[in-house]
Amino acid sequence: MAEKWDLVEQTKYQFNKIKQELGIQTTFEELDSAFSIQDAVLNTGFVSDRFSRQLSAIIVDKLMSWNNYLHSLLMPNPQSMINMHESKAFNKEERKNIINLITKSMGIVSQNTLNTLAKNKSNEALFIDNSYKFWTDEFRPELEKIMKKIHENWDNHKDTPIGIN
């Protein structure tokens, strides 16, 4: 338990340090709520002394996890009944919206990659703040709509095994 507490405290300490150094506007609590920062650090078991890079990687991991799922709705694996079933839930307009959401998310993800390659510390705060704003204002609300539709689709088929239509 003490080790867990130490990691949480180290995470908050490192965040406050980079918040001041880089001028991050978003609070730790906001970022943790959106991107599960503490959980990710506890899962890896360490806090990097280059915490801005670790934080950026945590943000990118969450966005890419969702991007991969959204992509599977558009281009389902034909060997997966789950993918095939879920992809059928969306009409052409909804698919365009999913493509648009992925495109915007990849714009954010690629900014992080560019920051890493160019070693551009000054843009890290912008990336972190923009990622939070995007998650809160657009990505999460759209994900909720998508997942509501997925849930309703599964719920409507609970008495009919998939693949037997």
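Read-outs throughout are calculated quantities, based only on the coordinates presented, and are distinct from any laboratory measurement. Since the model is a prediction, treat every value here as computed from it, not as a measurement. Cβ placement follows ideal geometry from the backbone for every residue including glycine, while neighbour counts extend to all protein chains displayed.
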GNM of the chain, Cα pairs under 10 angstrom: of GLN111, GLN20, GLN38, the biggest fluctuation goes to GLN20
Taking a crude spin-label model, label points 7 Å out from Cα along the C-beta direction, the ARG95 to ASP39 distance in nm is 3.1
Ranked by GNM mean-square fluctuation in the chain (Cα springs under 10 Å), the top entry among THR136, THR27, THR44 is THR44
For the chain, the longest principal axis of the Cα atoms and the Cα long axis of helix 140-156 enclose an angle in degrees, to the nearest 10, of 30
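So which trypsin sites (Lys or Arg not before Pro) in the range 38-146 are both in a DSSP loop and have at most 14 other Cβ atoms within 10 Å of their Cβ?
ARG50, LYS88, LYS119
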Exposure-ranked with fewest Cβ neighbours within 10 Å first, ASP159, ASP39 stand as ASP159, ASP39
Longest principal axis of the chain (C-alpha) makes with the long axis of helix 51-74 (C-alpha) an angle, in degrees to the nearest 10, of 10
With label points set 7 Å from each Cα along the Cα-to-Cβ direction at LYS148 and VAL8, the distance between them in nm comes to 3.3
Per the helix-only model, the chain has a calculated mean residue ellipticity at 222 nm (DSSP H runs of ≥4, -39500 (n - 2.57) each, divided over all residues, rounded to the nearest 500) of -24500 deg cm²/dmol
The rounded separation in angstrom of the Cα centers of the range 58-85 and the range 111-165 is 10
Total charge of the residues flanking ASP155 in space, meaning their Cβ is under 15 Å from its Cβ, with Lys and Arg +1 and Asp and Glu -1, is +1
Loop-resident chymotrypsin sites (Phe, Trp or Tyr not before Pro) in the range 1-66 with no more than 11 other Cβ atoms inside 10 Å, DSSP not H/G/I/E/B, are PHE46
